[in-house]
Each structure stands twice: as structure tokens, then as C-alpha cells.
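Worksheet for the structure shown next.
The values are calculated or read from the model by the stated rules, or taken from the named source; none is laboratory data. Quantities reported herein were computed from a predicted structural model and do not represent experimental measurements. For neighbour counting, all protein chains shown are included, and Cβ atoms are generated from backbone atoms with ideal geometry for every residue, glycine included.
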Amino acid sequence: MMTAGIGEALALGSAATWAVGMILARQLGATLPPLALNLLKNGLVLLVLVPLAMLFSAGPWPQLSASELAWVLLSGVIGIAVADTLYFRALNELGAGRMGIIGNLYSPLVLVLGFLFLDERLGLQQWLGFGLVGMGVLLVSKPRREWKTQPAHTLRGVLFGMLAIALMAVAIVMVKRILETQPLLWITALRLGGAVGGLALLAALPAMRHRVAFDRHRVPWGRLVVAALVGQGLSMVLWLGGYKYTSASVAAILNESASVFLVVLAALWLREPLGRRAFFGVLLTFSGIACMLLGRATP
């Protein structure tokens, strides 16, 4: 089901709330290893999301076949449990700037997968918007200062980052058609349930226990809860809503604006300087968003 404007608005809202969550969670990686951070954030969101799904969704349970349920759960394992953990690991090894560059692979991958498996096509204005958003995000996510340092494990971090982005793209295309016909909150909760289950099994493995160990006294729990509910929970619902109500290609391109929202919010909220290149990148990105909104993709 495609509803004019709603999917695009949800995709942009997801990008904005993700950026807010990233600012709130900025220092969580210093006290929590990637696997533990991923498990705690998603577990907190699941505890809140299930009661909300029961309260606001029409009917107690979505009408899913066994195969559809399996696809939704598998999407959560692949796209959240595995992909997010790899993403956090790559982020720790490469830093935000380099991961911003690797993140640019996401929308092209979704475009290709949407073309192959969902029969989606972009119109001329969408392609123009895609180019503008891509150039804008590239400018914003490549701070000059960071490239003066060389991480100790660059190749490993790049491989982890690329694999994480590829798995995210595959996982969302897997559930695109199911999302279109099922209650948004329930599908989000089920997908998150698959992720939390996968993360819990992974954390229980003897070889992985040292990767989830942390000092609970050093964790800023209040910041973690707010970051999880805003940057993970609300952002995830809006993110999946974008894919539910518009084409996967358009939603993916609009999701790319998250790094631009992050730069803008950091300038407004944290008073971080907004350089000339970043400012030009912001203008390019929002020009691309305007092109995406003016011309809709063919479903």
C-alpha cells in the first residue's frame, strides 16, 4: 500500500530521530562492547514496543503464515542482531567519518535489490535526488581531520562495515512486501524479537562471553534508556513505516539524510562548528530530498 507523502515523511522522521539517538548515545561505546550495547538497546525497546503493539494495533496478532513469520524473524536476526553488531564494531575501529562513507553503500544496494526482487523503478527526479543526496552525504560524512589518523585495523573495520550495510539492505528487502499488508507495530516487534533472541543466543556462547562483559557502574543508564527509545525504538518504527508506505528505493535514499541531520543537530545542539564543506553538503542533501518528494517512484 503506497500512501502519498506518508512513507517519505516517516523515512525522514526516522533519519532525524536516529541522529538524535546517536547524539545521546555518543559515549556509550566507551563503556559497552558492541554486542552488549546492541542487546541492551534492543531489549529495552522490545519491552516497551510489545505493550504498545497490543494497545494500538487492531487485533491481537498479525495474520502471518508460518513462512512470513519466519522471514520477519530472520530479517531481525540478519538486519539487527548481526548487522548492527558488525556496524558498532566497525564504528569502534574506523570512527564515524569512515563509517559514514561506507554507509553510502546502503541506498545503492537497496536500489539494486528493489530492482531485482521488488520490480521497483526510479523516475528521473528520483535519480536526480539520489545523486544530490549521495553527494551531500559524502561531503558531510568525510571530516578532514579524521583522515589524518590511520586506524590499526582499517581493512578489518572496512570489511565489517561493508558486510553490516549489505546485511541491512538484504534484511529490509526481505520483509518489504510483508510490511505492506501487516500492522506496523507488530511487525516491528516481531522483527525485534528475532533480533533479541539471536543476540541472546550469541551472547550465551562461551567464546562470546568476554565480548559482552562490562562494568555496570560505568554505564550511564539514563542516557542509554533515552538513546534506545528514541534512536533505536522510535527510529525503527518510523524506518519500517517508511518502507511500508513508499517504495524501498525512495525510503532508502531518504534514510541517507540521517548523517546530515546528525551534523545539523550537532551544530545546533552541541555547538559544533559547521564548516563550509559540510554546509554545502547539507544544501545538496536537502535539495535532493526536495527532488525525491516532488517526483514519486513507480511502485
Hey, residue 249 in contact with a helix residue (DSSP H, G or I) (Cβ under 8 Å, 6 or more places away or on another chain), at pLDDT below 80 and outside any loop (DSSP other than H, G, I, E, B) or not: no
- request: Among the candidates 242, 222, single out the residue that is under 23 Å from residue 15 (Cα atoms) and without any contact (Cβ under 8 Å) to a residue 40 or more places away in the chain.
  value: 222
statement: Over region 231-247, the set of residues more than 21 Å from residue 189 (Cβ to Cβ) and not β-branched (Val, Ile, Thr) is 247
message: So residue 273 ticks every box in (1) out of contact with any strand residue (DSSP E or B) (no Cβ under 9 Å at 6 or more places or on another chain); (2) surrounded by 16 or more Cβ atoms within 10 Å (Cβ to Cβ); (3) over 28 Å from residue 40 (Cβ atoms); (4) not basic (Lys, Arg) but one. Which box is left unticked?
response: (2)
statement: Scanning region 200-233 residue by residue, the ones that are closer than 21 Å to residue 171 by Cα and surrounded by 21 or more Cβ atoms within 10 Å (Cβ to Cβ) total 4
message: residue 20 - would you say it is modelled with pLDDT of 90 or more and either part of a helix (DSSP H, G or I) or hydroxyl-bearing (Ser, Thr, Tyr) (or both)?
response: no
- line: By residue number, the members of region 110-120 that are buried (at least 19 other Cβ atoms within 10 Å of the Cβ) and assigned to a helix (DSSP H, G or I) are 110, 111, 113, 114
- prompt: Would you pick out the residues in region 247-267 that are within 12 Å of residue 281 (Cβ to Cβ) and polar (S, T, N, Q)?
  reply: 257, 259
